[in-house]
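Visitor: Below you will find the structure I want to go over with you.
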Amino acid sequence: MSMNKGSIHTILHERLQHRKVCVQWVSEDRRAEAPLHVYFHATPYAVPRNGEPAAFNDHCRRGNMGPSHWSIHQRREHGMPITFIPLAKEGQLELLQPGYTIALKRIDKPVIVFVSTTEDEMDWTGFVDTDEDRNIIDVHHFLRPVVVVPMNISFSHNFTKAGVYKVKAIMNSEPDGTEDIKEAVVVVSTALSGLSLFEPENCTYLGESVALEASVDEEFNVTLTWITSKYGEQNYAFEEAPLMMIENYTCSEEGNFTITLNATDGIISEETSAQVCCVNHVSRNWILESNSPQISPPGKITVTLFYTGNSTYFPVNTFGDVDFGDGEIKSDVSIESEAFNMTENHVYKEGGIYNITVNVHNNFETESFSTTVLLLDKLGELTISALYAENEGKDSKDLHGPDKTDVPVNAIVSFSCNITGTVDNYTMEIDEQTLNQDESNSIFNYKFENVREYYATFKASNFLEESNSVTLKIRVLSATAGLGLQASPTSIIPGEEVTFTIEFESMDPFTCISFDADEGEILETFGNEETCNLMMDEEKHFNEQGQMRRRRGTEEATWIDDTSINIRYTYHDSSEFHPIAKAFNTIFETNATAKVAVAYPPSNIWIENNSTNIRRPMK
């Protein structure tokens, strides 16, 4: 609008929605020491008293007006004095309408006079102003203010892309071209969508990092919050999507834990989660042991897998597949996390060597451990069979005697050990000697060089058990050397006594000596009574050494010493007798004979006819 040498500046308040508008009129007087600035507020608020125009302007811009009177503020610009003059009537504000003209008149103090809406200056002639000396100044101060009615100015714009935009509003006033600029930040966003969290397909070893990939397809000003019970929360802000980020977590202990991802733009929230599996290496920190070797039957083997590493790194949720090596397999046997071991029992039907393999595994890896077990066949009953050969290279023969115990001196006896089961060692104890042979040689060869009685004890064994022991008696026999029989006298008449002498150079303790006078009497025996009884079926009398015996027929049988025997015998019949002495055992027999003539002497013969038997007369 136009006014006398004046201009108007319209200032829009920041917050138009509060309907607060400031209007500034400036009326300039060339003769005045300083221009006079008149400020009005178009709402029931006023400029703070004693306020500078600039301060008022700031308050106006802030919408911080407090209730007060309308005022005219005169100030000195460029070093000139400033006078503040209050308006006269507050009620006049109600009359102020657009197009009205306001006249200012100062007599004692400025007053406002409202004069219709006429623009005729003649209507204002009665309003004159005076200077400080009360001299009339031929200047009419009147103006027609623009009454600003509070209102909202709005406009629309279609943003086609999400983002942060700065919107600038520029207001110009005419005719002076005063400009006011305001800026606002507009955030344009889309609906939060496409939140995804990719978890690893496999477990992660302890001490290593697992990477989780998160992505958001669309949104603006997204905050991602990673939530875990083990690691707390981590927040990351992103200005716009699509976006992708990778978060790393280090596995510090074994087990499964959940990672929750929350995405929000302040309005919409989405949430997803992923499972993370942390495992220890199955590792090589295991020992596979067994109670091998064992005997079969029963053939029971106990195999134990021990964890030998630090318990912190014991792989939980670990299982073992056990292959017992005989075709039987046990799968997914649980390994106890408290005992750190796994124990399994298995019964083998047959003895032998078996390889047991345990595959230790979790969902991530597998390690194999093996051990060899030995099942020994149970030892049966040991028996010994013996043969002898007179010399090396000669044919073998059975031992002599009813119990197969007798061999000749210098014989080589082969003892065969007969047994079922697993044998590691054969043992022969004889004559204070212990002879050992492994399972590959079950025959002991022994040469008996001395005439005597031996006892040989045999055993079979392995490192788990021993067989029964078998003891054999071996009698080493020899022939009687130098056996002779002499009779004295060698010619007798019936009823006379003959002394027989049996002599020999040597005789083993197993030999029996028998004497037969050839007259049908009971035999006389000497030496080994057992042999005598064993070898002779005839009736006999045994004569112990050191004993003298008398009876009919044999008057006396006496050992003279270790190599001679005397026998006194009386023949009662006349004849030629061939007495015999025998020295024998179960292997050897030696004979010696003698001759004794027994006859009556020549008789005086006469004939007497004294027969009374007429029927059978003596011829």
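Visitor: Tell me, which strands (runs of 3 or more DSSP E) lie completely within region 176-218 with 2 or more residues that are within 30 Å of Glu365 (Cβ to Cβ)?
Guide: 196-198, 209-216
Visitor: Here is a further query. Would you confirm whether or not region 582-593 contains a residue that is within 20 Å of Phe510 (Cβ to Cβ), in a loop (DSSP other than H, G, I, E, B), at pLDDT below 90 and not small (Gly, Ala, Ser)?
Guide: no
Visitor: Now for a different question. Filtering region 554-574 down to residues that are free of Cβ contacts under 8 Å to residues at least 40 places away in the same chain and hydroxyl-bearing (Ser, Thr, Tyr), which residue is farthest from His541 (Cα to Cα)?
Guide: Thr558
Visitor: Do we have any residue at all in region 451-468 that's touching a strand residue (DSSP E or B) at 6+ places or on another chain (Cβ under 9 Å), in contact (Cβ under 8 Å) with a residue 24 or more places away in the chain, among the hydrophobic types (A, V, I, L, M, F, W, C) and surrounded by fewer than 16 Cβ atoms within 10 Å (Cβ to Cβ)?
Guide: yes
Visitor: Got a sec? Which of Tyr426, Tyr388 is in a strand (DSSP E or B), of a type in the set (Phe, Trp, Tyr) and closer than 26 Å to Glu466 by Cα?
Guide: Only one candidate qualifies: Tyr426.
Visitor: For region 256-288, which positions are under 30 Å from the mean Cα position of the chain (by Cα), surrounded by 14 or more Cβ atoms within 10 Å (Cβ to Cβ) and outside any loop (DSSP other than H, G, I, E, B)?
Guide: Phe257, Ile259, Ala274, Val276, Cys277, Cys278, Val279, Trp286, Leu288, listed by residue number.
Visitor: May I ask you to say which residue of Phe369, Phe306, Phe364 is surrounded by 12 or more Cβ atoms within 10 Å (Cβ to Cβ) and either in contact with a helix residue (DSSP H, G or I) (Cβ under 7 Å, 6 or more places away or on another chain) or assigned to a loop (DSSP other than H, G, I, E, B) (or both)?
Guide: Checking each option against the conditions leaves just Phe364.
Visitor: Being outside any loop (DSSP other than H, G, I, E, B) and more than 20 Å from Thr586 (Cβ to Cβ) is the filter; apply it to region 472-488 and report the residue that is nearest to the chain's Cα centre (by Cα).
Guide: Gly484
Visitor: Out of all the residues in region 213-240, which are more than 42 Å from the chain's Cα centre (by Cα) and of a type outside the set (A, V, I, L, M, F, W, C)?
Guide: Within region 213-240, Asp217, Glu218, Glu219, Asn221, Thr223, Glu239, Glu240 meet the criteria.
Visitor: Is it fair to say Asp321 is over 28 Å from Lys230 (Cβ atoms) and not in a loop (DSSP other than H, G, I, E, B)?
Guide: Here the answer is yes, as Asp321 does meet what is asked.
Visitor: Which of the residues belonging to region 189-229 are at positive phi and of a type in the set (Gly, Ala, Ser)?
Guide: Gly194, Gly207
Visitor: Taking Asn359, is it in contact with a strand residue (DSSP E or B) (Cβ under 6 Å, 6 or more places away or on another chain), surrounded by fewer than 19 Cβ atoms within 10 Å (Cβ to Cβ) and free of Cβ contacts under 8 Å to residues at least 40 places away in the same chain?
Guide: Yes; evaluated as a whole, the condition is true for this residue.
Visitor: Among the residues of region 362-388, write down those that are without any contact (Cβ under 8 Å) to a residue 40 or more places away in the chain and under 25 Å from Val423 (Cβ atoms).
Guide: Those that are without any contact (Cβ under 8 Å) to a residue 40 or more places away in the chain and under 25 Å from Val423 (Cβ atoms): Ser385, Leu387, Tyr388.
Visitor: Could you list, in sequence order, all residues of region 323-356 that are surrounded by 16 or more Cβ atoms within 10 Å (Cβ to Cβ), more than 13 Å from the chain's Cα centre (by Cα) and within 15 Å of Val303 (Cβ to Cβ)?
Guide: The answer is Asp323, Phe324, Gly325, Asp326, Glu344, His346, Tyr348, Tyr354, Ile356.
The values are calculated or read from the model by the stated rules, or taken from the named source; none is laboratory data. Computed from a predicted structure; not experimentally measured. Here the Cβ is made from the backbone with ideal geometry for all residues, glycine too, and neighbour counts use every protein chain on show.
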